[in-house]
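The values are calculated or read from the model by the stated rules, or taken from the named source; none is laboratory data. Note that the structure is predicted; figures quoted are calculated from it, not measured. FYI the Cβ positions are ideal-geometry reconstructions off the backbone, even for glycines, and counts take in every protein chain you see. Surface accessibility is based on the protein's heavy atoms, side chains included, excluding ligands, DNA and RNA. Shrake-Rupley method; radii C 1.70, N 1.55, O 1.52, S 1.80 Å.
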Amino acid sequence: MSTVASNAHSDNQQPEEFASPGSVANRTPRAHNKHEIRQLAEEQRQAMIENFDLEVEDKIRSMMAQLEADKADLQLKADCEIAQLPNCVRDMPLRAFLHEYNGDVSTAVRGVLKLDNEHQDSLVSLPETPLAIRLRRKAAANH
């Protein structure tokens, strides 16, 4: 046996590395270590919260930028759809367009221009709007 181990056994003491957890020699450093560990854990927790906050703010900024881009795209599409309508339909109140002409551009133009079935052939064929196309497709699918 080594002299350190024999001296420790001769005094009925264990070497420090084998000391029991409840020994007096280890209480102060362990308590100090617990405090340091708690402080370190608190610092890590704060750092994680700050990092999370930064990630959330970045995600919010990204989503807001995407929202603005989507909003501008939708506005452009709506403006293009409206620009394709004849002026007489564009100038018409929306309520009248929907109630009197059921949202049909061709019917609205004929109604505004007071065309009857006889003069209908002289009118150049108007392009269908996406709404009219969807309604026609839906009606065809139901029949």
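If you check Lys34 against the conditions, is it open to solvent by 100 Å² or more (accessible area, probe 1.4 Å), outside any loop (DSSP other than H, G, I, E, B), at pLDDT 75 or above and under 30 Å from Leu135 (Cβ atoms)? Criteria not met by Lys34. Selection of segment 90-111 for residues being within 37 Å of the chain's Cα centre (by Cα) and β-branched (Val, Ile, Thr) yields only Val105. The set of residues in segment 86-104 being under 16 Å from Leu131 (Cα atoms) and either assigned to a loop (DSSP other than H, G, I, E, B) or at pLDDT below 85 (or both) consists of Pro86, Asn102, Gly103, Asp104. So, Arg137, is that one modelled with pLDDT under 85, open to solvent by 90 Å² or more (accessible area, probe 1.4 Å) and not polar (S, T, N, Q) or not? For Arg137, the condition - modelled with pLDDT under 85, open to solvent by 90 Å² or more (accessible area, probe 1.4 Å) and not polar (S, T, N, Q) - is met.
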